[in-house]
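Taken together, the values in this text are just the output of simple stated rules run on the coordinates, not laboratory data. All figures in this text were calculated on a predicted structure; none of them were measured in a lab. Here the Cβ positions follow ideal geometry from the backbone for every residue, glycine too, while neighbour counts run over all protein chains shown.
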Amino acid sequence: MMWAFFLSLTLAAFQANALLRFPCAQLTVVRSDPLVQPGVVSGHLHQIVGGSSFDFSMPLNQTDLQSSSCSSCSVKENKSNYWTPTLYFQSPVNGTYKRIRQKPGPLTGSPNAGMVVYYIQVGTVRGFPKGFRMLSGDPMLRSYDSSIADSRSITFRCLAADDSTAVGSDTNGMPTQNCPGGVRSQINFPT
């Protein structure tokens, strides 16, 4: 019995865990969301990064992102597109909205910012099938609810300093305290 336990520990130690991280510069900011509202103007702005084949409709059976002529990501073979909603500040005085511009990160190399994409191995790794699409969170949720899995996929980090350390505290809603280094949106996709 004891040997079986030690054998399982030894075998577990040999399983590799991998991480792939690459920066992507901003491709565009546009009112388009081909997953939630394909073919129409979206109800809000998104920052788009990745392959140059991004467009409003991107029909599931017709889109081949590998035909993109270029990518705004550092891994040029990756022609995938990634997009996130654009954040706004609402004035408590008059109720007007102002777009919050993204800060360029130390890895994106773009004055218009972008994002860093992480792929973290959990379990067996398989390539995405052709036409693969994935959505994280629920675009209709307006507040955090710990009983809803989609609520837990979006977090925000209040960055403690304006540097590349990324040290800070995570919250499930927008931070309510001053964040000297800014706020980083963190979007986790299902694995």
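Some points to look at:
- Sum of side-chain charges, residue 138 neighbourhood, beta-carbon under 15 Å (Lys, Arg +1; Asp, Glu -1): -1
- When peptides 121-129, 140-148 are ranked by their average number of other Cβ atoms within 10 Å per residue, the highest-first order is 140-148, 121-129.
- In Hz, Karplus ³J(HN,Hα) per residue of region 36-47 (6.51, -1.76, 1.60; θ = phi - 60°; x = Gly, Pro): 8, 10, x, x, 10, 5, 6, x, 8, 7, 10, 8
- The charge dipole of region 69-191, taken about the Cα centre with unit charges on the Cβ atoms of Lys, Arg (+1) and Asp, Glu (-1), comes to about 400 debye, rounded to the nearest 20.
- Among 41-51, 89-99, the order from most to least packed when residues are scored by Cβ within 10 Å on average: 41-51, 89-99
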